[in-house]
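A short reminder: the numbers here are calculations on the coordinates, not readings from a lab. Every value quoted in this text rests on a predicted model; they were computed, and no experiment measured them. With ideal geometry, Cβ positions are generated from the backbone for all residues, glycine too; neighbour counts draw on all protein chains shown.
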Amino acid sequence: DDLVKEFIKVIKEFYGEDIKNNKEFGRIVNDKHMNRLKNILEHDKNKIVYGGEIDFKNRFISPTILKDVDLNDKVMSEELFGPILPVIKYKNIEDIKYYISKHKNPLALYVFSENKAFSEDVITRFSFGGGCVNDTISHVASNYLPFGGIGSSGMGSYHGKSSFDTFTHSKSIVKKSTKLDIKLVLPPYKNRINIIKKVMK
């Protein structure tokens, strides 16, 4: 409850009481995603404790907090890419690890903790595209860090040299001379297989 109150307080500090008319607050990119997010909020409307305002014409969805969410709620069925924050209660660290393990390969994972051992455990234990400890999004802003998903959240990465590598094909070529013909690797092999294996290593 205290965390939710703090979220609401900070949202108001950032965007004021009239968020809809605040030009610094972003809009949803297109109608398709407006419909997707609208359906999620309508499905889980009994969990909304703040926000939930939708203006389809202006592609506006207010910052929305859902409380007492569980893994069966629609809001937990996909990556959101919208101003919607589901809040799930937990009792211990094992609960957190359980929840994370139920959502394979997220695009990003953010850990908020001053417990270094816990933070390190989470970022090494789970597979995700990229992330931060005690911050969000900033890993995307750096040209020195590759950005991209893994598995179901995407393949490959870009930014800086990673963009060059993504769009570059490395040609693998082996060049041999015809002046020296090594019969060792040609049949009949007889008892030369073990020798060939040693040479190939």
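Annotations
- Residue 125 versus residue 39: modelled label distance in nm, points set 7 Å from Cα along the beta carbon direction: 3.3
- Reported to the nearest whole Å, the Cα centre-to-centre distance from the stretch 1-54 to the stretch 127-157 is 24.
- Over the chain, relative contact order from alpha-carbon pairs under 8 Å, at least 6 apart, %: 10
- Compared with the dominant principal axis of the Cα atoms in the chain, helix 2-15 is inclined by about 90°.
- A simple spin-label model places the labels of residue 115 and residue 97 1.1 nm from each other, with each point 7 Å out along Cα-to-Cβ.
- At R0 = 35 Å, FRET efficiency that the Cβ-Cβ distance of residue 77 and residue 137 yields, to 0.05: 0.95
- When the Cα positions of 159, 177, 149 are compared along the charge dipole of the stretch 78-201, 177 comes out farthest toward the positive end, with charges on each C-beta of Lys, Arg, Asp and Glu.
- Phi to ³J(HN,Hα) by Karplus 6.51 cos²θ - 1.76 cosθ + 1.60 over the stretch 184-193, Hz, x for Gly, Pro: 4, 9, 10, x, x, 7, 6, 9, 8, 4
- Legend: residue pairs 5/89; 32/74; 5/57, Cα-Cα distance threshold 19 Å; pairs beyond threshold, 5/57.
- Toward the positive end of the charge dipole of the stretch 1-89, with +1 on the Cβ of Lys and Arg and -1 on the Cβ of Asp and Glu, the farthest Cα among 39, 56, 84 is that of 56.
- Under a 5 Å amide H cut-off, with hydrogens placed 1.01 Å from N, residue 50 pairs with 65 among residues at least 5 apart or on other chains.
- For the stretch 139-153, the Karplus equation 6.51 cos²θ - 1.76 cosθ + 1.60, evaluated at θ = phi - 60°, returns couplings of 5, 6, 6, 8, 6, 8, 10, x, 10, x, x, 9, x, 5, 9 Hz by residue, with Gly and Pro reported as x.
- Gaussian network model of the chain, springs between alpha carbon atoms under 10 Å - residue of 57, 89, 67 with greatest fluctuation: 57
- Among beta bridges identified by DSSP and lying wholly in the stretch 64-201, the antiparallel ones come to about 10 percent.
- Between residue 177 and residue 6, the modelled label-to-label distance comes to 7.1 nm, taking each label 7 Å out from Cα in the direction of the beta carbon.
- Remark: the chain carries a charge dipole of roughly 2060 debye about the Cα centre, counting +1 on each Lys and Arg Cβ and -1 on each Asp and Glu Cβ.
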